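The values are calculated or read from the model by the stated rules, or taken from the named source; none is laboratory data. Computed from a predicted structure; not experimentally measured. Glycine gets a Cβ as well: all are built from the backbone with ideal geometry, and neighbour counts include every protein chain shown. Each accessible area value is taken on the protein alone, full model and side chains, heavy atoms only, with ligands, DNA and RNA left out. Shrake-Rupley method; radii C 1.70, N 1.55, O 1.52, S 1.80 Å.
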Number of protein chains: 2
Amino acid sequence: MNQIDSMERLVNEFSRLPSVGKKTAQRFAYHLLTMSEQEVRDFADACIMAKECIHTCKVCSNFTDKEICDICSNPKKEPIVCVVKEPKDVTAMEKVREFNGTYHVLHGVINPLEGKGPNDINVRSLLTRVSEEGIKEVIVATNPDVEGEATAMYIANLLKPLGVKVTRIAQGVAMGSELEFTDAVTLSKALSSRREM
Amino acid sequence: MNQIDSMERLVNEFSRLPSVGKKTAQRFAYHLLTMSEQEVRDFADACIMAKECIHTCKVCSNFTDKEICDICSNPKKEPIVCVVKEPKDVTAMEKVREFNGTYHVLHGVINPLEGKGPNDINVRSLLTRVSEEGIKEVIVATNPDVEGEATAMYIANLLKPLGVKVTRIAQGVAMGSELEFTDAVTLSKALSSRREM
């Protein structure tokens with residue numbers, strides 16, 4: 001394999017990373033060549049090890065190296081499930097330290113434009129969990145965009161017949177933001193969802 | 001190794017890439033987990049292969065997989081050497097398709113603040129090349145910043161006693177730019193280096 005080939009191949013591989021274009025991929029590739037052989041091996045090894053060790057939790061489908069993840073196997077958790085789109089949303093929620101329930105990761109949202117229907121997201125196992133685990137509340141925390149809203153509606157319609165309380169995270173003006181720069185849709189939502197003080 | 005460890009390790013490895021912070025590294029790591037096992041293996045393999053195959057050219061120190069790179073081993077090249085800071089500068093120069101000489105990669109510039117002195121850049125072999133290869137001109141194409149200028153001055157002083165013509169790439173207003181937004185130092189350089197039409 002000659003230089004152009006192995007270099008081009010490396011640049012192509014780096015280009016696969018999210019929001020990495022050709023120029024950035026080239027910078028990453030040149031940086032990699034300035035690293036020591038051991039460092040490059042460590043880097044490659046970390047990629048393979050992570051992929052080998054980490055799979056999805058049998059209960060909530062979050063990434064874990066165990067059969068059931070630490071959150072799901074913790075007996076002190078309340079019987080409340082927070083439904084999120086992706087594993088990184090769990091990380092974001094856990095940072096808040098105010099939620100003491102478990103999670104359910106959909107691994108996507110309903111998105112007809114991308115050909116993703118209700119059967120392409122991890123929602124069936126949520127129904128089983130609600131019936132079998134004695135869950136009291138399901139908080140739908142998908143993103144506040146069109147797809148997230150549609151998915152939230154779909155899940156609510158699916159769960160309500162089971163008699164479980166289904167809630168949606170509040171939508172309104174973000175803390176620390178300024179009304180002046182807040183978009184009209186958000187302001188309208190903040191007005192219609194206003195609460196008594 | 002548990003999930004936190006292998007995930008944290010992967011995020012740390014991605015953080016080493018230039019201008020990649022913790023957040024971006026996390027996005028890369030999560031993206032990697034959504035790739036297939038084969039894709040992750042290909043990615044890791046591309047890193048190791050590139051590091052194994054690519055080293056520096058014996059003559060010009062540019063990255064290559066041969067003992068002497070394609071440019072240096074091309075007998076049709078003119079006896080002109082373009083001195084650049086990094087291998088990616090060679091890529092930039094080659095895109096112009098107007099220069100038909102060879103290159104010399106310094107792998108850095110003189111930068112006292114970072115503890116880089118004249119002995120830390122690849123300049124000794126340039127002296128040997130100039131004496132032995134019958135080079136007619138050395139174009140110093142280091143970046144037009146303080147370190148690049150200092151390095152250019154250093155190289156010029158080193159080479160002139162050998163009787164070789166030493167030139168510096170022109171500095172002035174960039175093509176397509178507007179005078180209004182050009183900084184004073186560049187304008188001053190453009191004025192003092194003005195040429196008769």
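Just the number: Rg to Rh for chain A, Cα atoms, Kirkwood Rh, two decimals.
A ratio of 1.07.
Along Cα-to-Cβ, 7 Å out, sits the label point; list in nm, shortest first, how far the one on A:GLY115 is from those in the other copies.
Spacings between copies for this position, smallest first, are 5.5 nm.
Please work out which residue of chain A brings its Cβ closest to the axis of the rotation superposing A onto B, and round that distance to whole Å.
Taking Cβ atoms only, the nearest residue and its distance are A:ALA44, 2.
What nm distance separates the two modelled labels at B:GLU137 and A:GLU37, each placed 7 Å from Cα along Cα→Cβ?
Label-label distance for B:GLU137 and A:GLU37, simple model: 4.1 nm.
For the stretch B:1-68 and the stretch A:38-86, what is the separation of their C-alpha centers, rounded to whole Å?
When both Cα centres are located, 21 Å separates them.
Do you know the relative contact order of chain A, to the nearest whole percent, from alpha carbon pairs under 8 angstrom that are 6+ apart?
Relative contact order for chain A comes out at 13 percent.
Please give the per residue accessible area of the protein assembly as shown, computed with a probe of 1.4 Å over protein heavy atoms only, in Å².
Result: 58 Å² per residue.
Between the label point of A:LYS58 and that of the same position in each other copy, find the distances and list them shortest first in nm, with every label point placed 7 Å from Cα along the Cα-to-C-beta direction.
Label-point distances to the other copies, shortest first: 6.1 nm.
For the B and A pair, go ahead and give the buried accessible area with a 1.4 Å probe, both sides summed, in Å² to 100.
Counting protein atoms only, the buried area is about 4800 Å².
Classify the stretch B:92-139 as rounded, prolate or oblate, taking a ≥ b ≥ c as the square roots of the eigenvalues of its Cα gyration tensor: rounded when a/c is under 1.5, otherwise prolate if a/b is larger than b/c and oblate if not.
Oblate.
Kirkwood Rh, Cα Rg: Rg to Rh for the protein assembly as shown?
With Rh from the inverse mean 1/r over Cα pairs, Rg/Rh is 1.12.
How much FRET efficiency would the formula 1/(1 + (r/R0)^6) give for A:ARG16 and A:LYS95, where r is the Cβ-Cβ distance and R0 is 30 Å, rounded to 0.05?
Details: r = 28 Å, r/R0 = 0.93.
So the FRET efficiency works out to roughly 0.60.
Just to be sure I understand the interface: list residues from the stretch B:81-113 that lose 40 Å² or more of accessible area between the chain on its own and the complete protein assembly, 1.4 Å probe.
B:LYS88
Listed here are the pairs B:LYS95/B:LYS189; A:LYS116/B:LYS51; B:LYS85/B:LYS160; A:LYS160/B:LYS22; which of them are more than 30 Å apart at the Cα?
On the way: B:LYS95/B:LYS189 26 Å; A:LYS116/B:LYS51 39 Å; B:LYS85/B:LYS160 20 Å; A:LYS160/B:LYS22 39 Å.
From B:LYS95/B:LYS189; A:LYS116/B:LYS51; B:LYS85/B:LYS160; A:LYS160/B:LYS22, over 30 Å: A:LYS116/B:LYS51; A:LYS160/B:LYS22.
In terms of modelled amide H atoms, which long-range or inter-chain residues lie less than 5 Å from the amide H of B:VAL123?
Excluding prolines and chain starts, which carry no amide H, there are no hits.
Which percent of the accessible area of the protein assembly as shown is formed by carbon and sulfur heavy atoms (probe 1.4 angstrom)?
Whole-percent figure for carbon plus sulfur exposure: 53.
Once you sort the root eigenvalues of the Cα gyration tensor of the stretch B:137-180 as a ≥ b ≥ c, which label holds: rounded (a/c under 1.5), prolate (a/b larger than b/c) or oblate (the other case)?
Because a/c hits 1.5 or more and a/b exceeds b/c, the stretch B:137-180 counts as prolate.
Rounded to the nearest 500, what is chain A's calculated 222 nm mean residue ellipticity when only DSSP H runs of at least 4 contribute -39500 (n - 2.57) each, over all residues? Spell out each step's value before the answer.
On the way: 7 runs with 85 residues, N = 197.
The per-residue figure over chain A is -13500 deg cm²/dmol.
Check cross-link reach from A:LYS136 to the aspartates and glutamates: straight Cα distance under 17 Å, and skip same-chain residues fewer than eight apart.
Once the sequence-local aspartates and glutamates are set aside, what remains near A:LYS136 is A:GLU78.
Could you pull the Rg and Dmax for the stretch A:19-124, using just the Cα atoms, both in Å?
In Å, with Rg to one decimal and Dmax whole: 18.2, 51.
For the stretch A:110-186, what does the alpha-carbon gyration tensor say about shape, rounded, prolate or oblate, given a ≥ b ≥ c as the root eigenvalues, a/c under 1.5 as rounded, and a/b over b/c as prolate?
Here the stretch A:110-186 falls in the oblate category.
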